[in-house]
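Working notes for the structure below.
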Amino acid sequence: MRSAGTDTVGGLVFATTTPERPCPAAAPEIAYRIGQGRIPAFDISAVCSGFLYTMASAGALITAGITDSVLVVAAEAYSRVVDPTDRSTAVLFGDGAGAVMLRAGPADEPGALLAYDLGSDGEGAELIRIPEPREQPSGERWFAMAGRKV
C-alpha cells in the first residue's frame with residue numbers, strides 16, 4: 001500500500017484456492033492484519049483465473065460506488081497439496097503471492113481498467129482436482145491433474 005501512496009483501503013478481495021482453512025474467509029483477517037478494520041473483504045476461489053475474477057470484482061465494487069479503492073491480493077500455497085514426487089504436477093505448481101491496489105479514477109486515465117470478458121467451462125472439471133480424503137485409499141489430499149487433457 002505504501003507504493004500506492006496510501007495507508008488506507010476501502011475494500012479487499014483475496015484470490016486463493018489453497019487457504020489455510022476453508023472457513024472463515026481469509027480476506028477479513030488480511031484486512032485486520034494490515035490495519036484496515038471492518039472494510040468489505042471477501043475471498044474468491046477460481047484457481048488459475050482467480051486473479052482476473054478478483055480484479056473484475058474489485059473493479060465492480062468501485063464502479064458500483066461501494067468504495068473508491070480495493071486492494072486485490074492473490075496467493076497460492078500449492079506446496080501443501082502437490083505431491084512432490086509427482087513430476088506431472090510438482091514442476092508446474094508452486095507457491096506465490098502478489099497484490100495490486102485499484103482506485104477510482106477517470107476512464108481515460110493511463111492504467112484504467114477498460115473491460116472484462118469472463119467465462120468458464122465446467123465440462124472438464126474432473127480433469128483437475130484435489131480429492132477429498134474419503135476418496136483416497138491413503139486419505140492423502142494430493143492435487144491431481146490429467147496432464148495433456150487439461
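Bear in mind that the values in this text are calculations on the coordinates, not laboratory data. Model, not experiment: these values are computed from the prediction. Here the Cβ positions follow ideal geometry from the backbone for every residue, glycine too, while neighbour counts run over all protein chains shown.
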| request: Select from ARG38, ARG103, ARG21 the residue whose mean-square fluctuation is largest in a Gaussian network model of the chain (Cα-Cα springs shorter than 10 Å). | output: ARG21
| task | Quickly work out the LEU114-to-ARG21 label distance, labels modelled 7 Å from Cα along the C-beta direction, and quote it in nm with one decimal. | result | 4.4 nm
| Added length on full extension, which subtracts the Cα-Cα distance from 0.36 nm per residue, ILE66 to ARG141 | 23.1 nm
| Roughly how tilted is helix 50-63, in degrees to the nearest 10 and between 0 and 90, from the longest Cα axis of the chain? | 20 degrees
| remark: Among ASP83, ASP43, ASP108, the residue with the largest mean-square fluctuation in a Gaussian network model of the chain built from Cα contacts under 10 Å is ASP108
| remark: Phi-derived 3J(HN,Hα) across segment 66-73 with the Karplus relation (6.51, -1.76, 1.60, θ = phi - 60°), rounded Hz, x for Gly and Pro, is 5, 8, 9, 7, 9, 8, 9, 10
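Based on the Cβ-Cβ distance of VAL91 and ASP7, what FRET efficiency does E = 1/(1 + (r/R0)^6) give at R0 = 41 Å, to the nearest 0.05?
On the way: r = 40 Å, r/R0 = 0.97.
Calculated transfer efficiency: 0.55.
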| Rounded to 5, percent antiparallel among DSSP beta bridges of the chain | 60 percent
| Where does the chain land at 222 nm, in deg cm²/dmol rounded to the nearest 500, when only DSSP H runs of n ≥ 4 count, each adding -39500 (n - 2.57), divided by all residues? | -4000 deg cm²/dmol
| task | Quick one: among ALA60, ALA90, ALA107, which has the greatest mean-square fluctuation in a GNM of the chain with alpha-carbon springs under 10 angstrom? | result | ALA107
| task | Kindly rank 115-122, 2-9 from highest to lowest mean number of other beta carbons found within 10 Å of each residue. | result | 2-9, 115-122
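Per the Kirkwood treatment, what hydrodynamic radius in Å, one decimal, follows for the chain from the mean inverse distance over all distinct Cα pairs? It would help to have the intermediate numbers written out before the result.
Numbers: mean 1/r = 0.0583 Å⁻¹.
Evaluated on the chain, it is 17.2 Å.
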